[in-house]
Amino acid sequence: MAKTTESALTPLLAKFEKHHEKTKALSYVMNVASFDAQTIAPKNDGAVNERSEAMGFWALESFKHQNDPAYDQLISDLQKQNELLSPEMKRMVYLERKAIDQLKKIDPKGNSEVTTRLRHTILSVNGDYNPKTIREFIEYGFLAKDSRAFREHFNSISPGINLKYTYTFDSGVEEDITVPIGVNFFWPDA
């Protein structure tokens with residue numbers, strides 16, 4: 001009987017290993033893209049926009065990968081076989097369950113501060129003032145680059161405080177930097 005149970009565990013462990021390898025690959029891609037974004041080489045608008053789109057794509061793929069219902073089920077199945085797992089594997093399964101449970105707390109529609117701000121800024125879409133129409137447009141029809149252009153235009157015509165600061169590096173090079181003031185500025189995370 002124990003041998004049958006152990007042989008049933010083998011395909012579960014193979015699926016776990018395959019998922020883990022893809023997770024590492026996605027993480028590597030995101031790290032490379034993030035490093036490239038930090039160095040911003042080359043410094044032209046087209047490269048920055050393309051890099052941002054690529055990072056968004058890979059972030060979404062990683063999120064989907066980690067939120068795959070089949071993977072959630074796989075972890076549940078491995079937890080049921082807990083007594084057959086090595087101590088290292090038990091720990092990995094425990095950590096994966098914890099990560100999955102944390103990801104489940106994230107809004108599945110990906111609503112963020114920007115999305116919320118857009119919902120409060122946009123009054124109508126093609127003359128339609130229905131909040132449902134506005135929400136659906138923002139969530140499904142408003143491309144990231146269009147959203148960015150809209151926010152830049154909105155910020156350029158809105159009265160406010162100039163948060164630009166000219167910073168002079170030790171080398172004498174000057175660069176305009178925007179002072180980041182957001183929700184966390186007034187209420188820092190604990």
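The values are calculated or read from the model by the stated rules, or taken from the named source; none is laboratory data. In this text, all values refer to a predicted model and were calculated from it rather than measured experimentally. Note that each Cβ is placed from the backbone with ideal geometry, even for glycine, and that neighbours are counted across all protein chains shown.
Observations, loosely collected:
- No other residue among Leu78, Leu60, Leu103 is closer than 26 Å to Ser27 by Cα, of a type in the set (A, V, I, L, M) and at pLDDT 90 or above apart from Leu78.
- The listed residues are Ser156, Ser76, Ser124, Ser147, and the only one of them that is within 30 Å of Ser7 (Cβ to Cβ) and not charged (D, E, K, R) turns out to be Ser76.
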